[in-house]
Amino acid sequence: MIFNNLLRVFGQQAKNSPCVNSQSILLDESDAAALLGRFFNLTHLKQIVEQGRESVKPRVAQRTISEAGLLAIAAYTSAGLDRMIHEAHSPMGGPRDRRDPVKALESLILETLPTIALTKASVVKRNLTLDPSLVRSLYRPGALISFDRITSVTLQPHQVYRGGNVDLTIKPEFGVIDVSALSTFSGKTARGEKEGMLEPGKMYKVIDMQSGREDSPLNPQPGGAPLHSEYWRIVLQQRQSS
């Protein structure tokens, strides 16, 4: 029987709609840029955005993409904002004086992503680390998974990051948001991330779950003890109604 697991994973909130922190709504473009400049080299972020601007198209021609939102995405893909957001949602919460500002930048990205055109992709990949008991209970075939926070994936046909114990193969219905032009790590080699982001709030059904690791040209050479006690390969299919 299909059951609904709105899973908080990758820092996802268990909700049916994207997590939007009202604090970010109060930020205009200059305030958001100033907040980014508090934590990052704003000149560097602007260079990344300028170099990738032509590849980032608006989803609706009449609606422009927030410049500050693009800068925040560049900070996420290239300057460590992803780690800061993860830390802000951890039990310890990270440095107290930056929790709310970091969550405001997270919300700015979530508000910006739906304004960027989707890129067709039949399959994207994500490798992550999860407690084996959570994998077995929450990723059973038929389960529904929601990704409401920022969820990055690789558009490469293979897993790029190999340190986790779960290899996700994700099949989006209409595509993903290609942010590789805003990432300094998205090279054209096998190790290039070609980073994309899932649309926040969409639902995915677990259609396959197998033990073991996915084959990848970046798999480490055999030898030494495995990093994890269990490895899983899981396939998710976006629900048409999501």
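The values are calculated or read from the model by the stated rules, or taken from the named source; none is laboratory data. This structure is a prediction, so every number in the text was calculated from the model and none was measured. When we count neighbours, we look across all protein chains shown, and the Cβ atoms used for this are built from the backbone with ideal geometry, even at glycine. Note: areas computed on protein heavy atoms with side chains; ligands, DNA, RNA excluded. Shrake-Rupley method; radii C 1.70, N 1.55, O 1.52, S 1.80 Å.
Selection of first residues in the range 182-193 that are more than 13 Å from Gly52 (Cβ to Cβ) and at pLDDT 70 or above and of second residues that are open to solvent by 60 Å² or more (accessible area, probe 1.4 Å) and part of a loop (DSSP other than H, G, I, E, B), restricted to Cβ pairs under 9 Å at least 6 apart or on distinct chains, gives the following pairs, ordered by first then second residue: Glu193/Tyr161; Glu193/Phe185.
Looking only at residues of the range 31-55 that are under 17 Å from Ala104 (Cα atoms), touching a residue at least 12 places away in the same chain (Cβ under 8 Å) and small (Gly, Ala, Ser), we find that the one that is surrounded by the most Cβ atoms within 10 Å (Cβ to Cβ) is Ala32.
Has the range 128-138 got any residue that is assigned to a strand (DSSP E or B), at pLDDT below 95 and closer than 25 Å to Ser186 by Cα? The answer is yes, given that some residue of the range 128-138 is assigned to a strand (DSSP E or B), at pLDDT below 95 and closer than 25 Å to Ser186 by Cα.
Scanning the range 202-227 for residues that are modelled with pLDDT of 90 or more and either β-branched (Val, Ile, Thr) or assigned to a loop (DSSP other than H, G, I, E, B) (or both), which turns out surrounded by the fewest Cβ atoms within 10 Å (Cβ to Cβ)? So that I can check it myself, show each step before the final result.
Residues of the range 202-227 modelled with pLDDT of 90 or more: 202-214.
Filter once more, keeping what is either β-branched (Val, Ile, Thr) or assigned to a loop (DSSP other than H, G, I, E, B) (or both): 206-207, 212-214.
On the way: Val206: 20, Ile207: 14, Gly212: 10, Arg213: 18, Glu214: 19.
So, considering only residues that are modelled with pLDDT of 90 or more and either β-branched (Val, Ile, Thr) or assigned to a loop (DSSP other than H, G, I, E, B) (or both), the one surrounded by the fewest Cβ atoms within 10 Å (Cβ to Cβ) is Gly212.
Here Val124 meets the list (1) within 17 Å of the chain's Cα centre (by Cα); (2) surrounded by fewer than 17 Cβ atoms within 10 Å (Cβ to Cβ) almost entirely, failing just condition (2).
Considering only the range 47-69, I want to know if a residue exists there that is closer than 19 Å to Arg99 by Cβ and modelled with pLDDT of 95 or more. Among the residues of the range 47-69, not one is closer than 19 Å to Arg99 by Cβ and modelled with pLDDT of 95 or more, which makes the answer no. Number of residues in the range 139-156 that are in a loop (DSSP other than H, G, I, E, B), crowded, with 19+ Cβ neighbours inside 10 Å, touching a residue at least 40 places away in the same chain (Cβ under 8 Å) and not aromatic (Phe, Trp, Tyr): the value is 6.
If you filter the range 83-101 down to residues that are over 15 Å from the mean Cα position of the chain (by Cα) and of a type in the set (A, V, I, L, M, F, W, C), you find that the one that is modelled with the highest pLDDT is Ala88.
Just for the range 157-178: of the residues that are acidic (Asp, Glu) and over 14 Å from the mean Cα position of the chain (by Cα), which one is surrounded by the fewest Cβ atoms within 10 Å (Cβ to Cβ)? Walk me through it before giving the result.
Taking the range 157-178 and keeping what is acidic (Asp, Glu), we get 167, 173, 178.
Still in the running and over 14 Å from the mean Cα position of the chain (by Cα): 167, 173.
Values: Asp167: 24, Glu173: 15.
Among those residues, the one meeting the criterion is Glu173.
In this structure, is Gly80 more than 18 Å from the chain's Cα centre (by Cα) and modelled with pLDDT of 50 or more? Against the criterion (more than 18 Å from the chain's Cα centre (by Cα) and modelled with pLDDT of 50 or more), Gly80 does not qualify.
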